[in-house]
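Sharing a structure, written as structure tokens. Questions coming.
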Amino acid sequence: MAADISGILASLPELIRQMPLIVWWVQNLFYFSLILTFGSIVIRGYRGYINPLLRFLLRLFLGFVALVCGFGISPYIPYLSSDVLVTVLQDTFINVIIGGLVSAVVLFLGVVLMTHNIFNVNYMKKQIEKLQNLVKKAEEIKRKEKDKSRIAKIFTPIRITGIVLTLGFISFSLISFTGFPNLLSKLGITETDLNNIANTIENIKAEYGDELNNILESSPPADCIKAASLINNLGSVLESKMQPYTDITISNEIKQRTGESVNEMYRIDYENQTIIIAMTESKYCVAVEEGVCACEDISEILDKL
């Protein structure tokens with residue numbers, strides 16, 4: 001246990017110093033996952049067929065746009081609580097997810113309208129049989145618009161509506177967009193604060209490391225609850241049959257703790273548990289098989305008899 005704590009104390013300062021980098025990676029991985037999620041929603045609005053690689057790149061781009069718009073409209077989402085931690089979580093995660101989903105839906109509608117009746121006939125013909133009906137529809141639309149000019153084909157009322165909706169929403173969001181938030185900054189923690197904490201821990205370890213290790217090494221085993229009860233009811237316990245007992249490990253631990261060698265050691269079965277009683281020149285120690293629980297002066301123990 002002490003070795004584990006000592007290792008933690010040794011690595012904790014450096015871990016704290018690396019917190020800005022760790023938070024940066026966590027935030028960006030979180031944002032990238034949102035980009036993929038939002039992009040997969042928006043890209044469904046494009047009902048045409050393009051090369052899979054181009055489709056993935058378009059998904060990333062549209063997902064990024066949706067994320068930026070999500071940040072832009074997040075201030076308009078009401079807060080769940082005035083608590084500082086809840087506010088930080090909303091600013092950094094919750095409102096971004098909600099705003100991003102709203103943005104993805106709006107952009108999805110915009111893409112649906114913008115790409116209305118846009119089909120890549122040649123690519124569609126290469127698709128499997130389930131696309132044949134869609135190919136026929138595309139060819140029919142193409143024949144109907146044969147005599148129309150290119151401008152007339154592009155700027156149809158429904159397509160213009162999609163363009164206005166998409167560009168208008170992006171513009172509105174960008175007006176409120178102030179950059180990606182930093183979680184540590186939202187909590188009011190600076191890199192200097194983290195360095196100060198790390199330095200403090202290092203100073204504590206350098207000054208009190210040995211004392212901490214000694215305290216942890218001398219901490220009692222988990223099975224000492226009944227042993228503590230034994231000390232408080234020592235008179236009735238001594239009426240039990242005490243059997244001579246030897247345990248070198250327990251003897252060495254008592255000597256290390258008290259600075260005195262064990263003169264006598266006994267074993268008592270107390271409440272279905274084996275408890276060890278040992279006496280040095282001036283101490284009376286109670287232990288279990290896993291380790292020493294406590295040691296007291298013999299004079300204090302005699303007062304309890």
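Are any residues in region 1-35 surrounded by 13 or more Cβ atoms within 10 Å (Cβ to Cβ) and either modelled with pLDDT under 75 or in contact with a strand residue (DSSP E or B) (Cβ under 8 Å, 6 or more places away or on another chain) (or both), and if so, which ones?
ALA2, ILE5, SER6, LEU9, ALA10, LEU12, PRO13, LEU15, ILE16 - these are the residues of region 1-35 that are surrounded by 13 or more Cβ atoms within 10 Å (Cβ to Cβ) and either modelled with pLDDT under 75 or in contact with a strand residue (DSSP E or B) (Cβ under 8 Å, 6 or more places away or on another chain) (or both).
Note down all Cβ pairs under 8 Å where the first residue falls in region 254-276 and is under 16 Å from GLU290 (Cβ atoms) and touching a residue at least 60 places away in the same chain (Cβ under 8 Å), the second is surrounded by fewer than 12 Cβ atoms within 10 Å (Cβ to Cβ) and not charged (D, E, K, R), and they're at least six residues apart or on different chains.
Going by the 8 Å Cβ cut-off, there are no qualifying pairs.
Now for a different question. Taking the stated definitions as given, is LEU113 among the aliphatic types (A, V, I, L, M), in contact with a Leu (Cβ under 9 Å, 6 or more places away or on another chain) and at pLDDT 85 or above? I'd like the intermediate steps shown before the answer.
Values: among the aliphatic types (A, V, I, L, M): yes; in contact with a Leu (Cβ under 9 Å, 6 or more places away or on another chain): yes; at pLDDT 85 or above: yes.
For LEU113, the condition - among the aliphatic types (A, V, I, L, M), in contact with a Leu (Cβ under 9 Å, 6 or more places away or on another chain) and at pLDDT 85 or above - is met.
The values are calculated or read from the model by the stated rules, or taken from the named source; none is laboratory data. On a predicted model such as this, the values are computed, not experimentally measured, just so you know. Please note: Cβ atoms are built from the backbone with ideal geometry, for glycine as well, and neighbour counts cover all protein chains shown.
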